[in-house]
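Colleague: Have a look at this one.
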């Protein structure tokens, strides 16, 4: 008669031990926020991630292998990997001017290769095959994903150090984007046929804001119009978050998704700080999750399931952990100074993404080149947005 009691007592002890172990596990992977991101200079993780990316651009064969693997999954990742690296290097150059020359060299390599591939292969090179299934509404067809990311690369590079040949390229790209955006009642241009992405259009608007600071132009009226329109026509009524995608006429296609909401909030910081913080706080509620010192992001909002993007990274059931959304969450947490969430995200990264450090070069084996570039950006973002805001404040003061 005593055995069942022993079994129950033993099971309870094991359960208690498991709870204690799980609750303490994150301490083994919580290296402290300073290891991931610093207010000034470059953190250890930033230096290690950057060393690997910079190394790839001096080893064409190894880099091509990485590109081939990414393109086999999603051609968009090829462009995004380069874009996030250029944006990261701009931030790093502002943080560490002594290494600026090396950063500029790689930035120019990426920009020139991107522009070459666009000239050689056209607008579809960085898109999934579905882009050719039907014609674009706006003719001649262009790709706002490519236009916006290229423009922000050019603007970021010029913000670190001027390069005269890039000024007309940026000006042309911005004029094309703005002209097309104004053809739509929701002031947005297509990335795929009759599909506008908030992510891509906000990247484009950030490029416009940077270019205004660089060239003394002023598109503040259009930026204000876009923000006003978005608050009226592009909001998901259930969550109060911006839609992920919509038609050129403004019909919703996808509600908020974790793979884009964090970058959207970060981009908004350059345009409307109050709106940006509201979007981040809503995103934390709907997508951000923490447990026992670990953190992640959902793909769909917690208040209700939305449509899943078939090309997206897989989601781990029950906890609804999305690798892609969790990677982007680092950007949101870094941009808004959410130290608790960022520290817990970093613990999850080191626990589950299989970091590999060789000769001072860090990669995450569960990630890829674009994923690691996103993480690098999260470790260094900040100075470029602040520099651009300072330029804007100075311009307003002189009016």
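We did not get these values from a lab; they are worked out from the coordinates using the rules stated. If you're wondering where the values come from, they're calculated on a predicted model, not measured in any experiment. For neighbour counting, all protein chains shown are included, and Cβ atoms are generated from backbone atoms with ideal geometry for every residue, glycine included.
Colleague: Between 0 and 90 degrees, rounded to the nearest ten: what's the tilt of helix 198-215 against the longest Cα principal axis of the chain?
Modeller: That works out to roughly 50 degrees.
Colleague: Moving to a separate point now. What distance in nm separates the two pseudo spin-label positions at residue 172 and residue 141, each 7 Å out from Cα along the beta-carbon direction?
Modeller: The answer from the label model is 2.1 nm.
Colleague: In addition: Could you work out how far the C-alpha centroid of segment 126-163 sits from that of segment 211-242, in angstrom?
Modeller: 19
Colleague: Moving on to the next point. Taking the Cα atoms only, what angle lies between the long axis of helix 339-352 and the longest principal axis of the chain, rounded to 10 degrees?
Modeller: On a 0 to 90 degree scale, this one is about 70.
Colleague: Most exposed first by the Cβ proxy, i.e. fewest other Cβ within 10 Å, how do 184, 260 rank?
Modeller: Starting with the residue having the fewest Cβ neighbours, the order is 184, 260.
Colleague: Please compute the Kirkwood hydrodynamic radius of segment 103-238 from all pairs of different C-alpha atoms, in Å with one decimal.
Modeller: It works out to 15.6 Å.
Colleague: Rounded to the nearest 500, what is the 222 nm mean residue ellipticity of the chain from helices alone, with -39500 (n - 2.57) per DSSP H run of 4+ residues and division by all residues?
Modeller: Counting only the DSSP helices, I get -20000 deg cm²/dmol.
Colleague: Write down, largest first, the equivalent ellipsoid semi-axes of segment 157-305 in whole Å, where each equals the square root of 5 times an eigenvalue of the alpha-carbon gyration tensor.
Modeller: After scaling each eigenvalue by five and taking roots: 29, 19, 13 Å.
Colleague: Considering segment 337-399, what Rg and Dmax in Å follow from its alpha-carbon atoms?
Modeller: 17.1, 53
Colleague: Oh, and also: Would you mind giving the three semi-axes, in whole Å and largest first, of the ellipsoid equivalent to the chain according to its Cα gyration tensor?
Modeller: 37, 25, 21
Colleague: Using the per-residue mean of other Cβ atoms lying within 10 Å as a proxy for protection, in what order, highest first, do the peptides 46-52, 161-167, 381-387 fall?
Modeller: 46-52, 381-387, 161-167
Colleague: Ranked highest first by average number of other Cβ atoms within 10 Å, how do 150-156, 105-111, 136-142 line up?
Modeller: 150-156, 105-111, 136-142
Colleague: Here's a follow-up. If I fit a long axis through the Cα atoms of helix 2-25 and take the longest principal axis of the Cα atoms of the chain, what angle between them do I get, 0 to 90°, rounded to 10?
Modeller: Between the helix axis and the principal axis of the chain, the angle is about 30 degrees.
Colleague: Further question on the same structure: What spacing in nm lies between the two simple spin-label points modelled at residue 183 and residue 116, each 7 Å away from Cα in the Cβ direction?
Modeller: Distance between label points: 3.0 nm.
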